[in-house]
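The structure appears below as structure tokens.
The values are calculated or read from the model by the stated rules, or taken from the named source; none is laboratory data. Quick caveat, the model's predicted, so the values are computed rather than measured. Here Cβ is always computed from backbone atoms with ideal geometry, including for glycine, and neighbour counts include all displayed protein chains. Ligands, DNA and RNA are stripped out before the accessible areas are found, and what is left, the full protein with its side chains, is counted by its heavy atoms. Shrake-Rupley method; radii C 1.70, N 1.55, O 1.52, S 1.80 Å.
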Amino acid sequence: MKQQANGYVQEPMATPVQQQQLPEGEQQQDAVVQEDHQQINSTAHVGNSEAQEFSLAIKPKGLPLFKLSALYKSRLKTCIFLHFLLFFVMLAKLSEDILDRMDIFILELEELFIPKPLPFEYLWTGSIIIAIMGLRALSRNKLSSLRNYAAGTVVFGVCPLLFAAIWFYTDVAEYAEKKQEAEVEKWQGIPTGVLWYFFIVVALQVHFYSIYFAFKLIKIWRVKLKRA
């Protein structure tokens, strides 16, 4: 045992000869403690590396604000482009009803026996106006328009899709339970509820990512306005 100048006592580490002189029970305890320390250190190292990789995947670090703004603008434009593609899919579904209202008869469309549209389909179709608003907000870097885009996406994009998910839930649940014996509305041999759920899942992902990137841009643009 050595006495140091600062008053602290430092004991020398046990040598291999001294460790051999310890009883077997104490030697086993020392081995277990050392093994636990090694596992804790390795686990902490892996956890820190995984957390760092996850943070880099979610939020790129080391980029200035203008580069982050350009990155999120590009991602939001991609989401809006996907929104346009989904709009044309919905428009094709509504084409027969729209032409009937205009007294235009096309035999090929009539023979497809497309199910009659529900009110929420037209409401969601109107969300394309919100998508155009979002593109204008990105081109002009206008904060208020981007806020309106995020709110409009929730009202005209997400809410109608959630209503559709509730509306077709019973048909999808019955088909999942009884398969072909289920008495549900079908189109081309496929339950319409199942087709709608495919559309709903894809469209909701597009809308949620759009809202996420829009809020990221709103935060960045607020910082820019405060600095200016």
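Here are the numbers:
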| quantity | calculated |
| --- | --- |
| Residue match in segment 165-186 (condition: in a helix (DSSP H, G or I), open to solvent by less than 90 Å² (accessible area, probe 1.4 Å) and within 26 Å of residue 131 (Cβ to Cβ)) | yes |
| Only one of 166, 114 that is over 20 Å from residue 212 (Cβ atoms) and touching a Lys or Arg at 6+ places or on another chain (Cβ under 7 Å) | 114 |
| Test: residue in segment 100-112 that is in a helix (DSSP H, G or I) and within 30 Å of residue 66 (Cα to Cα) | no |
| Subset of segment 64-73 [more than 15 Å from the chain's Cα centre (by Cα) and either closer than 11 Å to residue 135 by Cα or open to solvent by less than 70 Å² (accessible area, probe 1.4 Å) (or both)] | 64, 65, 68, 69, 70, 71, 73 |
| Matching option when the condition is exposed (fewer than 12 other Cβ atoms within 10 Å of the Cβ), modelled with pLDDT of 95 or more and farther than 20 Å from residue 187 by Cβ, among 80, 129, 58, 104 | 129 |
| Residue, farthest from residue 194 (Cα to Cα), within segment 147-159, restricted to residues that are of a type in the set (A, V, I, L, M) and surrounded by fewer than 18 Cβ atoms within 10 Å (Cβ to Cβ) | 151 |
| Any hit, segment 134-146, residues being in contact (Cβ under 8 Å) with a residue 60 or more places away in the chain, open to solvent by 60 Å² or more (accessible area, probe 1.4 Å) and basic (Lys, Arg) | no |
| Members of segment 107-120 that are open to solvent by less than 40 Å² (accessible area, probe 1.4 Å) and either farther than 26 Å from residue 161 by Cα or in contact (Cβ under 8 Å) with a residue 40 or more places away in the chain (or both) | 114, 115, 120 |
| Subset tally (residues that are open to solvent by 30 Å² or more (accessible area, probe 1.4 Å) and assigned to a helix (DSSP H, G or I)) for segment 207-228 | 12 |
| Among the residues listed as 162, 204, 123, the single one being open to solvent by less than 30 Å² (accessible area, probe 1.4 Å) and on the phi < 0 side of the Ramachandran plot | 204 |
